[in-house]
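The values are calculated or read from the model by the stated rules, or taken from the named source; none is laboratory data. Just so you know, these numbers come straight off a predicted model, no measurement behind them. All Cβ positions, glycine included, derive from the backbone under ideal geometry; neighbour counts span all protein chains shown. With ligands, DNA and RNA removed, areas are computed over all heavy atoms of the protein, side chains included. Shrake-Rupley method; radii C 1.70, N 1.55, O 1.52, S 1.80 Å.
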Amino acid sequence: MTEVVHIQAAVEAIDSAAAGFRPRLGIVLGSGLDACADAVTNTVDISYGDIPGFPRPAVDSHAGQLRLGTLGDVPVAVLRGRAHVYEGHALVDVVRPVRTLARLGCTSVILTNAAGSLRPAVEPGRLMMITDHINWSGLNPLTGPNLPDLGARFIDMTTAYDPELRRQLSTAASRVRLDLAEGVYCWYPGPSFETPAEIRAFKSLGADAVGMSTVPECIALRHMGVRVAGISTITNLAAGLGTGAALDHADVMTKGAAMADKLARLLSAFAREAIDVL
Ligand code: HPA
């Protein structure tokens, strides 16, 4: 089966659970951020296990569920949890859920994640809008024969994070008095956290935050012509920049969960603000 057939099978399974529902905006919720899905109303939930080809996320705080519904007045599809390369998933599997959202009708997708900050002034607890990314992994979900049904062989990444969506996110943030930092996200595939030397290197390359996701999905969505926005929840200062305490996944989860409310406020305000451009 080609990948396009896999995606079609996923679309059909979702269609049969929610006949006629056409989401316009997709949202991917990262580690610890699952509670954001509570802001969605008129919901239909579909477990990833019931969607053929959807990988099961192993990280325990990830629900592994697609939630369809409305955010404000915008029809949305929310991926509650994602699969990561560090779990051993192939990149084609990691990006299949977002490709499926695109095929369902989403013309814009907001990718969220937990990330470590490289700028001490952007402390844990802050939200950072992603302006651009650095793909440190050397991996790319488009490696291999091109899938012309999805997009072109070579794709432009000059404005990978859509300027219009970024404008709308900034406006939404000021409307609800949320302080939104901006910066460049660097993908480090993990599962080990970075060394302090790597963090110094990323900083000199121009990175502002580091995390283990988001970049593959962004590339796959741009391939399909979908507009992308990205929000990092800053859960910690990156290795070597904090108090010297060891980085710990459980802390990342706790901090992420504490920020889910803030992120939900931003996403709801964005849906109100951006409805005319979605
Ligand atoms: N590094 C990589 N991934 C992360 C971090 C980090 O410091 N914090 C949350 N996810």
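Values as computed for the structure displayed
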item: Count of residues meeting criterion [surrounded by fewer than 24 Cβ atoms within 10 Å (Cβ to Cβ), within 12 Å of the ligand (Cβ to nearest atom) and farther than 16 Å from Pro120 by Cβ] in the stretch 215-247; result: 1
item: Hits in the stretch 31-55 (condition: touching a Leu at 6+ places or on another chain (Cβ under 9 Å), modelled with pLDDT under 90 and part of a loop (DSSP other than H, G, I, E, B)); result: Leu33
item: Failed item in (1) more than 25 Å from Asn135 (Cβ to Cβ); (2) open to solvent by 10 Å² or more (accessible area, probe 1.4 Å); (3) part of a loop (DSSP other than H, G, I, E, B), with Pro23 passing the rest; result: (2)
item: Checklist (1) at pLDDT 95 or above; (2) hydroxyl-bearing (Ser, Thr, Tyr); (3) within 21 Å of Arg265 (Cα to Cα) applied to Ser117, failing item; result: (3)
item: Test: residue in the stretch 76-91 that is more than 16 Å from the ligand (Cβ to nearest atom), open to solvent by less than 20 Å² (accessible area, probe 1.4 Å) and outside any strand (DSSP E or B); result: no
item: In the stretch 151-196, residue nearest to the ligand (Cβ to nearest atom) [restricted to those that are more than 20 Å from Val215 (Cα to Cα), in a helix (DSSP H, G or I) and touching a residue at least 12 places away in the same chain (Cβ under 8 Å)]; result: Pro196
item: Residue in the stretch 198-206 that is touching a residue at least 40 places away in the same chain (Cβ under 8 Å), away from the ligand (no atom under 12 Å from the Cβ), assigned to a loop (DSSP other than H, G, I, E, B) and crowded, with 19+ Cβ neighbours inside 10 Å present; result: no
item: Residues located in the stretch 166-185, provided they are within 16 Å of the chain's Cα centre (by Cα), among the hydrophobic types (A, V, I, L, M, F, W, C) and over 14 Å from Thr233 (Cα atoms); result: Leu169
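For every residue, the table says whether it meets (1) closer than 17 Å to Pro216 by Cβ; (2) out of contact with any Lys or Arg (no Cβ under 8 Å at 6 or more places or on another chain); (3) more than 16 Å from the ligand (Cβ to nearest atom).
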{"residue": "His6", "(1), (2), (3)": "yes, no, yes"}
{"residue": "Asp15", "(1), (2), (3)": "no, yes, yes"}
{"residue": "Leu25", "(1), (2), (3)": "no, yes, yes"}
{"residue": "Asp34", "(1), (2), (3)": "no, no, no"}
{"residue": "Val40", "(1), (2), (3)": "no, no, yes"}
